[in-house]
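Nothing in this text is a laboratory measurement; each read-out follows from the coordinates by a stated rule. Source: prediction; values computed, not measured. Neighbour counts run over all protein chains shown; Cβ positions are idealised from the backbone, glycine included.
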Amino acid sequence: MADTQPRRRRMREVAAQFGGTEIVTTDAPLYDWRDPYHALLAIGWPRFLLGVLAYYLALNAAFGTLYALVPGSVANLPPGRWDDAFFFSVETFGTVGYGVMAPQTLYGHVVATAEIFLGLLSTAVLTGLIFVRFARPRASMDSAGRRRLPSRTACRRSRSASATAAPARSTMWTPF
């Protein structure tokens, strides 16, 4: 006889306290895929690097396929050699260009232009994401066991910044 009572799953609770108000969210997803920026910052380093590698390989495979589809679009690319087209795509994506192969038709130039643009854009976005992942402030504990929230201050005149740590319970910043 089957159990007619539905299975109860464990609910995950997330609590945040703002002054005297506590907000509790139950069954909150760890990642909200509608906000990819936050998801890329929230996942761990192994998954982040695996995602970057998968993106890099998929994009180069797609452009390698575009080069291989039209024989003669790239000089010195033997017809039917997808691996050579893939590695030409890797060189173009990274803007290396060893000089043996180059686009020689309008189709080849258009595909190479799109790939170079995406390569430069991807490098800029990836650099920004890695910087933000390293530069994100993290709460810590002081010697007395109190939580401390790191904060950064800057002076407009000297353009210098200094890092400080203040007790988290008394840190409240409101814009002017």
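Between residue 74 and 104, the built amide H atoms are under 5 Å apart, and every one of these is 5 or more places off in sequence or on another chain. Note that the range 89-104 has calculated 3J(HN,Hα) couplings of 5, 4, 5, 6, 4, x, 6, 7, x, 6, x, 7, 10, 7, x, 10 Hz, one per residue in order, obtained from phi through the Karplus relation 6.51 cos²θ - 1.76 cosθ + 1.60 (θ = phi - 60°); glycine and proline are x.
With the convex hull drawn over the C-alpha atoms of the range 36-135, the volume per residue is 96 Å³.
Charge tally for residue 70 (other residues, Cβ to Cβ under 15 Å; Lys, Arg +1; Asp, Glu -1): -1.
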